[in-house]
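The values are calculated or read from the model by the stated rules, or taken from the named source; none is laboratory data. Predicted model, so just to flag it, every value in this text is computed and none were measured. Cβ atoms come from the backbone with ideal geometry, glycine included; neighbour counts cover every protein chain shown. For accessibility, only protein heavy atoms count, side chains too; no ligands or nucleic acids. Shrake-Rupley method; radii C 1.70, N 1.55, O 1.52, S 1.80 Å.
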Amino acid sequence: MTTSSTTPVTHVDPFSVEVLTDPLPFQAALRDAGPVQYLAAHDLYAMGRYAEVRAALTDWQRFCSSAGVGLSNFRREKPWRPPSLLLEADPPHHDAPRRVLSAILGPRALRRWRDQWFAAAVEHVDALLGTGGRPVEVDGMTALAEAFPLRVFPDAVGIAREGREHLLPYGEYLFNAFGPHNELVAAGAVHAGEHAAWVNAQCARETLADEGFGADIWAAADRGDLTAEQAPLVVRSLLSAGVDTTVHGLGWVLHGLATHPDQWAHYRSEPSRRRVCFDEAVRWGSPVQTFFRTAEVDVPIGDTVVPEGAKILMYLGSANHDPRHWDEPARFDLHRDPSGHVGFGFGLHQCVGQHVARLEADALLAALADQVERIEPAGDPVRRANNSMREWASLPLRLHPR
Amino acid sequence: MTSLVVTAKDVVADGVVALTLARPDGGRLPDWTPGAHVDLTLDSGATRQYSLCGDRWDPSSYRVAVLREPDGRGGSQYVHDVLRPGDTVGLGGPRNHFPLAPAPRYRFVAGGIGVTPLLPMIAAAEVLGADHALLYGGRRRASMAFLDELPADRTTVVPQDERGLLPLASWLGTVDEGTVVYACGPGPLLDAVAALVPAARLRTERFTTTEVAAPVRDEPFTVELARSGTTLTVDASVSVLEAMRRAGATTLSSCERGTCGTCETTVLAGVPDHRDQVLADHERAAGDCMLPCVSRAASDHLVLDL
């Protein structure tokens with residue numbers, strides 16, 4: 001692919017393990033190079049500044065999703081799984097699935113889960129703390145960030161209890177598969193088929209519980225708002241996009257609060273900060289770092305024309321750390337207003353489950369705030385490389401009961 | 001309040017004008033889906049709902065079509081006789097109570113100006129590759145808008161003075177399982193369609209003349225934040241959300257266009273003027289919450305749980 005002479009070019013591979021586990025220096029260089037840069041390593045364009053990323057995410061007419069939101073171009077390559085009816089679709093195909101899921105996962109529809117999830121969080125934290133009244137060391141990832149969503153979300157969808165161990169590796173592979181075919185994808189591909197088969201089997205009407213998000217989706221099909229062919233794929237979207245993302249969002253909020261004791265104190269003493277805490281962590285950590293779009297037409301950005309058919313990387317994590325928009329972006333700060341962050345994406349495809357993630361986080365953090373005086377690191381956290389997500393593999397924490 | 005400027009006003013049939021609307025800065029308008037309508041607040045003080053009938057791939061303009069209704073309450077006469085390019089109108093929405101359900105086959109039935117919400121549906125059906133056809137009736141050919149925009153091979157045009165009433169039964173035939181019928185027009189037409197089509201396969205939108213519930217106001221109102229005890233004044237130049245932010249309240253928002261639901265706030269007292277795309281009608285009527293990024297007050301005073 002040719003680029004105009006004014007387009008900044010980099011030969012750094014943003015999907016190398018070095019960049020994936022420490023992306024901030026690459027992001028800063030990307031933003032400083034200009035509004036768009038050509039990534040020679042993968043023959044694609046990348047945007048890292050807040051204004052352009054947000055504008056492009058909003059502009060579905062020129063930046064399409066149906067050619068895939070990973071590096072692979074579905075117009076030339078067969079996708080590894082049937083494309084998502086939400087994430088990997090454009091209007092008008094996207095309209096009905098989005099409308100149905102927005103209603104099922106909207107803030108008001110979620111009210112029926114609120115008390116149950118808050119009670120589950122209290123129970124969960126109680127069990128971790130035990131009755132000794134002494135500090136407890138846990139891995140914040142497995143014991144909290146993974147365990148709590150797995151405790152409430154699959155039940156809310158209404159899937160079988162057996163086999164839920166497939167959920168996390170399925171999501172892990174899915175998010176790796178949005179990137180290039182590197183060693184991360186190769187390693188995950190070994191078992192990806194089994195995970196996907198299990199996930200697909202959960203989406204059928206007869207395997208879902210009579211109540212829950214899954215049943216709600218099938219009820220929409222009964223009303224004619226979806227077809228019977230669409231319904232299982234819409235259920236699949238919940239299981240694909242609704243688990244790992246929340247897990248790593250929780251990982252970032254726990255890491256932020258453990259490493260910023262002053263912010264934990266604010267969280268506990270100022271109820272008004274609770275509304276922004278999880279979103280500030282999603283901005284600060286940006287668990288979903290990247291998604292791609294495909295140029296529907298030649299799109300001029302700054303001095304560059306991104307040619308029709310080119311893939312463009314939208315660096316959400318970079319936009320959320322753009323000092324052109326955020327004051328001291330590297331600071332995790334509950335007194336910041338994180339409104340407008342692009343950690344959930346933006347525009348038509350903005351995370352339809354964001355209210356679910358917020359409710360899970362609110363429940364868990366409220367239970368911790370109630371029962372834990374201090375959260376502190378109990379060892380070095382361990383990063384895990386993923387082609388799309390910024391993850392902690394392990395977060396050793398010490399919880400001091402109140 | 002979001003204001004749009006009339007960039008064009010065109011006569012598209014006898015008694016029908018199409019308005020093209022844009023943001024004063026030419027920027028991107030909120031996204032919409034086929035079947036959606038907007039609330040337009042006219043300078044005369046009236047608020048009316050109009051179906052969007054333009055091209056959703058054009059993010060910078062909306063099109064609505066307005067039939068002159070001599071017996072109406074004056075909104076349409078104002079649009080026809082007074083409103084001019086360059087004038088502004090207030091915008092609420094867009095919202096969609098008449099969405100296109102996915103189906104392999106669509107049969108569209110339009111009566112008169114009822115063709116407007118069906119135009120973008122027909123465009124969508126084409127892109128979706130669905131089998132679709134339109135039966136379009138009107139008093140006279142000259143009174144029927146957008147004939148030149150409809151696919152001739154899929155449209156049956158029935159001007160009443162030439163061909164009589166719509167041949168509904170013969171045109172619809174047997175409405176089988178894969179077919180969804182969309183009908184929009186006057187009540188008697190919809191009743192006739194309903195008599196022929198099983199309810200589960202029929203979606204209609206009735207052109208009613210009910211007043212948009214909340215009175216819309218330009219005058220400033222006060223917002224009391226119950227938890228902090230702060231009271232602030234919100235004038236027409238600023239959103240409730242922005243006013244709260246300036247007063248130092250903790251707010252969280254995202255889209256700031258009334259679509260994502262992030263800023264939903266509990267209303268303890270007062271009457272919100274809902275302008276979002278999120279809340280259903282019964283939720284609006286309950287009046288116990290609002291989206292302060294776009295919604296405002298219909299009463300002098302609002303008390304919010306913040």
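Computed over the Cα atoms, what is the radius of gyration of the stretch A:161-228 divided by 2.2 N^0.38 Å, N being its residue count? Against the compact-globule rule of thumb, the ratio is 1.37.
Modelled label positions at A:D43 and A:V19, each set 7 Å beyond Cα in the direction of Cβ, lie 1.7 nm from each other. Every Cα-Cα pair of chain A was included, and the share exceeding 40 Å stands at 14 percent.
Mind listing P(r) for the protein assembly as shown? All alpha-carbon pairs, 20 Å bins, whole percents. Going out from 0 Å in 20 Å bins, the protein assembly as shown shows 17, 48, 31, 4, 0 percent. Of A:W252, A:W284, the order by accessible heavy-atom surface (1.4 Å probe, DNA, RNA and ligands excluded), from most exposed downward, is A:W284, A:W252.
Classify chain B from the C-alpha gyration tensor, please: rounded if a/c falls under 1.5, else prolate or oblate depending on whether a/b exceeds b/c. Prolate, because a/c is 1.5 or more and a/b exceeds b/c. Whole-Hz Karplus values for the stretch B:19-25 come out as 9, 9, 10, 8, 6, x, 8 Hz, taken residue by residue from phi with 6.51 cos²θ - 1.76 cosθ + 1.60 and θ = phi - 60°; glycine and proline positions read x.
Amide H contacts for B:A8 (H built 1.01 Å from N in the peptide plane; partners 5 or more residues away or on another chain; cut-off under 5 Å): B:T20. Across all directions, the average flat footprint of the convex hull enclosing the Cα atoms of the stretch B:1-149 is 8.7 nm². Normalised size of the stretch A:45-148, defined as Cα radius of gyration per 2.2 N^0.38 Å with N residues, equals 1.63. Chains A and B together bury roughly 2800 Å² of accessible area, counting both sides, with a 1.4 Å probe on protein heavy atoms only. Rounded to two decimals, the Cα-based Rg/Rh of the stretch B:151-306, with Kirkwood Rh, is 1.20. When DSSP beta bridges are restricted to pairs lying wholly in the protein assembly as shown, around 65% turn out antiparallel. Of the heavy-atom accessible surface of the protein assembly as shown (probe 1.4 angstrom), what whole percent is carbon and sulfur? That share works out to 52 percent. Using a/c under 1.5 as the rounded threshold, could you call the stretch A:1-73 rounded, prolate or oblate? The axes a ≥ b ≥ c are square roots of the C-alpha gyration tensor eigenvalues, and prolate needs a/b larger than b/c, oblate otherwise. Rounded.
Using a 1.4 Å probe, what is the accessible area per residue for chain A, in Å²?
37
Restricting the stretch A:113-197 to trypsin sites (Lys or Arg not before Pro) that sit in a DSSP loop and have at most 12 other Cβ atoms within 10 Å of their own Cβ leaves A:R161.
Solvent-accessible surface of the stretch B:253-306, taken per residue with a 1.4 Å probe and all protein chains present: 33 Å². For the stretch B:96-152, relative contact order (Cα pairs under 8 Å, six or more residues apart, normalised by length) works out to 40 percent.
Cα centroid separation, the stretch A:67-125 to the stretch B:259-306: 26 Å. Applying the Karplus relation 6.51 cos²θ - 1.76 cosθ + 1.60 with θ = phi - 60° to the stretch A:84-90 yields 3J(HN,Hα) values of 5, 6, 10, 4, 10, 9, 10 Hz, where x marks Gly and Pro.
Panel note: contact residues of the stretch A:331-353 (accessible area lowered by at least 10 Å² against the chain on its own; 1.4 Å probe) correspond to A:D337, A:S339, A:G340, A:F346, A:L348, A:Q350. Based on alpha carbons, the Rg and Dmax found for the stretch B:96-183 are 12.6, 36 Å.
Among the residues of the stretch B:94-125, those with an accessible-area drop of 50 Å² or more from chain alone to full protein complex, heavy atoms and 1.4 Å probe, are B:P102.
Applied to the stretch A:304-321, the Karplus parametrisation 6.51 cos²θ - 1.76 cosθ + 1.60 on θ = phi - 60° returns per-residue 3J(HN,Hα) values of 10, 10, 7, x, 3, x, 6, 7, 10, 8, 9, 8, 4, x, 5, 4, 6, 10 Hz, with x for Gly and Pro. As a ratio to 2.2 N^0.38 Å, the alpha-carbon radius of gyration computed for the stretch A:117-224 takes the value 1.34.
Remark on the stretch A:214-229: accessible area falls by at least 10 square angstrom from chain-alone to full-complex state for A:R223, A:G224, A:D225, A:T227, probe 1.4 angstrom.
In this calculation the C-beta distance from A:D115 to B:D288 is compared with R0 = 22 Å, giving a FRET efficiency of 0.80.
Under 5 Å from the amide H of B:T155 lie the amide H atoms of B:L134, each residue being 5 or more positions distant or on a separate chain, with H modelled from the backbone and absent for Pro and chain starts.
A cut-off of 5 Å between modelled amide H atoms, ignoring neighbours fewer than 5 places along the same chain, links A:A393 with A:V382, A:R383, A:R384.
Of the DSSP beta bridges with both residues in chain B, give the percent that are antiparallel, rounding to the nearest 5.
55
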